[in-house]
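Scroll down for the structure; my scribbles are underneath it.
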Amino acid sequence: MKACIVGKSPMDFTASDTGEVIEGVKVYYFAPKDEVEGYFAGEMFVKKSSKLYYKVMGLETEKPFMGDIEYDVQPGKKRPLSVLMDICPLDGEEVLQLADNPYWQNFLAFMTV
């Protein structure tokens, strides 16, 4: 899925209800979604024990960038969870190709203002 990665937030706390230590990083993004008018604002959590943790922590998120997000949907206690499998920033040519996609035309115009 193509998305605009807008930030990340390291997490390190103990859940008050379970006592579980939560360590990792949240990735925040905008992406088109059929049932959303406009763009979906989402987040994905990457555990510190994940092979992706250091890759995500190394991403330059001082300003938004376009990326390709690969994820898997897995069952959760309350609802299905999106689990990040990989994330790769798009190069300049790949971003230009998005300008042909109606979902991204206005968004990219906004990003270049």
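Read-outs throughout are calculated quantities, based only on the coordinates presented, and are distinct from any laboratory measurement. Every value quoted in this text rests on a predicted model; they were computed, and no experiment measured them. Ideal geometry is used to build each Cβ from the backbone, glycine not excepted, and the neighbour counts take in all protein chains shown.
Tabulated results
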{"item": "Scope region 47-88; condition in contact with a strand residue (DSSP E or B) (Cβ under 6 Å, 6 or more places away or on another chain), without any contact (Cβ under 8 Å) to a residue 60 or more places away in the chain, of a type outside the set (A, V, I, L, M, F, W, C) and within 11 Å of ILE5 (Cα to Cα); matching residues", "result": "THR61"}
{"item": "Sole residue being in a loop (DSSP other than H, G, I, E, B) and either touching a strand residue (DSSP E or B) at 6+ places or on another chain (Cβ under 8 Å) or exposed (fewer than 14 other Cβ atoms within 10 Å of the Cβ) (or both), chosen from GLU35, GLU94, GLU43, GLU23", "result": "GLU35"}
{"item": "Residue in region 2-15 that is at negative phi, of a type outside the set (Gly, Ala, Ser) and outside any strand (DSSP E or B) present", "result": "no"}
{"item": "Residues (among the aromatic types (Phe, Trp, Tyr) and farther than 18 Å from LYS26 by Cβ) located in region 65-113", "result": "TYR103, TRP104, PHE107, PHE110"}
{"item": "Looking only at region 46-63, and only at residues there that are of a type outside the set (Ser, Thr, Tyr) and exposed (fewer than 13 other Cβ atoms within 10 Å of the Cβ), the one that is farthest from the chain's Cα centre (by Cα)", "result": "LYS51"}
{"item": "Number of the condition not met by ASP68 [criteria: (1) surrounded by 13 or more Cβ atoms within 10 Å (Cβ to Cβ); (2) assigned to a loop (DSSP other than H, G, I, E, B)]", "result": "(2)"}
